[in-house]
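**Student:** Encoded as structure tokens, here's the structure I'll be asking about.
Bear in mind that the values in this text are calculations on the coordinates, not laboratory data. All figures in this text were calculated on a predicted structure; none of them were measured in a lab. Reconstructed Cβ throughout: ideal geometry from the backbone, glycine too, with neighbour counts over all protein chains shown.
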Amino acid sequence: MKLQSIAQQAQHSPAMVFHNGLHLIDRAFLREAYHQPHKSSAPGMAQVTAQQYAENLDETLRELHERRRDHR
């Protein structure tokens, strides 16, 4: 997992500064992140449940990654 790798780096090198980690966020990272929270949680800010989000997950993650990449 990328997050675990980053956390380990931060733990071993506390003086290291991350200026920008956006290049680490790709669709595989987003998919991994999607599977982390409990799916019974309340809807997010957009009032979309995990079940609704997963209905078209590949397309949703593609659009999310594109918006992030384009700074939207």
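**Student:** If you stretched the chain out fully between residue 42 and residue 58, how much longer would it get, using 0.36 nm times the residue separation minus the C-alpha to C-alpha distance? List each step's numbers first, then the result.
**Tutor:** On the way: separation 16, 0.36 × 16 = 5.76 nm, distance 2.17 nm.
Length difference between fully extended and current span is 3.6 nm.
**Student:** Only one of the values (i) 1.03; (ii) 1.08; (iii) 0.94 was calculated from this structure for Rg/Rh (Cα atoms, Kirkwood Rh); name its label.
**Tutor:** The value computed from this structure is option (i).
**Student:** Given 11, 25, 51, which one lies farthest toward the positive end of the charge dipole of the chain, if we put +1 on the Cβ of every Lys and Arg and -1 on the Cβ of every Asp and Glu?
**Tutor:** 11
**Student:** What is the gain in length, in nm to one decimal, between residue 20 and residue 3 on full extension, counting 0.36 nm per residue of separation less the C-alpha to C-alpha distance?
**Tutor:** The span from residue 20 to residue 3 would gain 4.7 nm if fully extended.
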